[in-house]
1. Report, by residue number, each residue of the stretch 29-50 that is open to solvent by 60 Å² or more (accessible area, probe 1.4 Å), within 11 Å of the chain's Cα centre (by Cα) and either among the charged types (D, E, K, R) or modelled with pLDDT under 95 (or both).
2. Collect the residues in the stretch 1-28 that are among the small types (Gly, Ala, Ser) and either loosely packed, with under 10 Cβ neighbours inside 10 Å or touching a residue at least 24 places away in the same chain (Cβ under 8 Å) (or both), keeping them in residue-number order.
Amino acid sequence: MIKYFKNFRNDEDGAVTVDWVVLTAAVVALAGAAYSSIQGGATALTSTTGDFIEAQDPN
């Protein structure tokens, strides 16, 4: 039984998978945060641009 625990502790086959899962989750979280930040600015810019264009006289 002690030999089994020593082998289990030294086995690193799943460690790379866990690293990739954590890294992928961090990238997805950062992408979500960047999207929400960019979305607010883009919405405001679009609204301002639309107001400007509507205020123009075509003649």
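1. Passing the criteria: TYR35, SER36.
2. GLY14, ALA15
The values are calculated or read from the model by the stated rules, or taken from the named source; none is laboratory data. Because the structure is a prediction, the values reported are computed rather than measured. When we count neighbours, we look across all protein chains shown, and the Cβ atoms used for this are built from the backbone with ideal geometry, even at glycine. Accessible surface is based on the protein model in full, side chains and every heavy atom, while ligands, DNA and RNA are left aside. Shrake-Rupley method; radii C 1.70, N 1.55, O 1.52, S 1.80 Å.
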